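Here the structure comes first, spelled out in structure tokens, and everything after it is commentary.
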Amino acid sequence: MDPKLLKFNKIALEELSSRKPDTPKGPKTYSVEDAVETIGFGRFHIMLFLIMGSTGIAEAMEIMLLAVISSSIRCEWHLENWQVALVTTMVFLGYMVFSVLLGLLADRYGRRKILVISFLWGAFFSLLTSFSPSYVWFVFLRCMVGCGVSGHAQGLIIKTEFLPKKFRGYMLPLSQVFWLTGSLLIIGLGWVVNPSLGWRWLVRFASIPGIILVIVFKFIPESARFNVSVGNHQEAVHTLQKIANINHSKMPEGTISEPVVDNMGSFLDLLDPKYRRTSLQIWIIWLGISFAYYGVILASTELLERNLLCGSGQPALGAQEEVLEESSTPCYCHTLSSSDYQTMLISTVGEIALSPFNILGINFLGRRWTLGVTMTSTGVFFLLLNICMSQPGLIGILFCLRALVSANFINIYVYTAEVYPTVMRAIGMGTSGSLCRIGAMAAPFIAQVLLSASIMGGLCLFASICFVCAISAFALPIETKGRALQQFK
């Protein structure tokens with residue numbers, strides 16, 4: 001080869017090797033997701049978990065209150081079965097209407113503001129309920145309480161938006177502990193307060209946690225993801241820096257940079273082709289889970305209060321004479337006994353029994369498969385209640401059912417909070433929570449009316465709905481395990 005050509009090639013190679021790679025021009029930038037992951041999990045998140053998790057205590061006490069005082073109001077106002085069921089239905093009607101409204105407002109004006117307003121609203125009308133002069137006033141005021149309780153879901157959204165993705169699968173299911181605490185607290189209070197002071201004082205005690213939380217919310221900032229979505233980058237950076245300081249961590253280098261969204265999420269966005277199938281299947285699952293959850297709670301009270309065993313729809317032999325005598329009066333009246341409260345406490349503890357397995361399933365099996373398995377199991381245990389059994393057997397089945405329906409709720413909460421982007425997360429949660437109340441509104445009429453007429457018919461209906469939801473869960477198009485929270489559509 002020509003020596004001149006070799007020399008030319010050598011010089012060209014030296015020039016190429018001496019060139020440095022082009023470095024990106026301009027300042028470094030990062031997203032909220034980058035900041036959350038860089039800061040990591042620390043003391044702030046523990047405080048966030050305790051405060052926002054406690055919203056579950058207040059919500060559980062207000063919702064479970066209906067199961068504890070149903071026999072008391074039945075006796076005081078001489079109510080029939082459908083009138084007792086109507087109380088729960090009206091609570092969830094208020095929840096359904098306001099859930100969408102508060103979700104829209106939270107996506108526009110902030111999660112924290114709506115959370116505070118909803119707690120103030122709920123506590124105020126809960127206190128007013130204790131002074132109800134009649135059944136009609138009681139129903140109306142409890143409906144107003146339901147309107148306020150519908151905003152409590154913003155606590156879960158704030159918690160979700162601050163947690164690093166690898167911790168969401170562990171910390172969000174642990175929120176179940178707070179719901180369990182609230183449920184046990186209201187049953188324990190009912191056991192002590194109902195026989196001595198009456199149901200009105202029980203309602204007053206149930207409103208106290210909500211009042212306390214309104215004061216404590218000042219320690220939790222507005223969601224940084226929300227602030228960025230509305231263009232308030234400075235406040236988002238201030239919040240993230242504060243969290244980094246509390247956690248003794250560092251912020252990413254550079255400046256925060258994410259586009260501002262002109263149009264926030266709306267109901268129609270949930271039916272966008274990208275999310276349509278997911279939304280429709282989620283709504284079916286939410287409706288069925290709520291139907292099964294409140295069905296178990298209310299059916300437990302009915303089975304205990306009326307002593308309906310062995311699937312006959314009739315009281316146990318030992319209680320027949322007493323019931324016949326009471327049924328001859330204008331109203332069937334039988335308050336819960338100490339043994340009934342004990343059974344309710346035992347079955348309620350079941351809500352946390354599956355938590356370790358549920359957390360493992362969510363993090364290793366995935367959200368969809370775990371939800372499908374727990375929904376299928378729920379349907380099977382509803383069918384098992386048709387088997388003639390003793391009181392201990394009934395308690396055991398109710399214990400397992402409470403564990404399963406609680407796991408279902410946690411799984412769908414986690415999935416829904418993760419699958420939608422920030423700009424439509426609150427409306428996604430709000431709409432799902434609203435539609436699920438249709439199931440909650442129907443549950444009292446099945447658990448407190450149909451169950452009295454036909455135990456097998458009521459239980460088979462609950463089981464069938466659970467199996468439909470299981471199929472929908474297995475077929476969900478998006479798996480959110482290990483997936484970063486999406487900021488925009």
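The values are calculated or read from the model by the stated rules, or taken from the named source; none is laboratory data. This is a predicted model, so every value here is computed, not measured. Please note: Cβ atoms are built from the backbone with ideal geometry, for glycine as well, and neighbour counts cover all protein chains shown. Note: accessible area is taken over every heavy atom of the protein model, side chains too, but ligands, DNA and RNA are not part of it. Shrake-Rupley method; radii C 1.70, N 1.55, O 1.52, S 1.80 Å.
Here are the numbers:
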{"item": "For Pro477, net neighbour charge (Lys/Arg +1, Asp/Glu -1) across residues whose Cβ lies under 15 Å away", "result": "+4"}
{"item": "Summed side-chain charge close to Trp179 - residues other than Trp179 whose Cβ falls under 10 Å, Lys, Arg +1, Asp, Glu -1", "result": "-2"}
{"item": "Amide H partners (placed H, <5 Å) of Thr29, local residues excluded", "result": "Thr255"}
{"item": "Efficiency of FRET from Cβ geometry, Phe167 and Phe364, R₀ 25 Å, rounded to 0.05", "result": "0.95"}
{"item": "Electrostatic dipole magnitude of the stretch 192-294 [Cβ: Lys, Arg +1; Asp, Glu -1; Cα centre; debye, to 20]", "result": "480 debye"}
{"item": "Sorted peptide list for 104-111, 433-440, criterion being average Cβ within 10 angstrom, highest first", "result": "433-440, 104-111"}
{"item": "Ranking by accessible area, most exposed first, for Glu33, Glu76 with a 1.4 Å probe", "result": "Glu76, Glu33"}
{"item": "Gain upon complete extension [Val216, Ile346; 0.36 nm per residue less C-alpha separation]", "result": "43.7 nm"}
{"item": "Extreme residue, positive dipole direction of the stretch 85-190, given options Tyr170, Gly148, Leu86 (C-beta unit charges)", "result": "Tyr170"}
{"item": "Modelled label reach - Ser337, point 7 Å along Cα→Cβ, the stretch 63-80 residues with backbone N closer than 15 Å", "result": "none"}
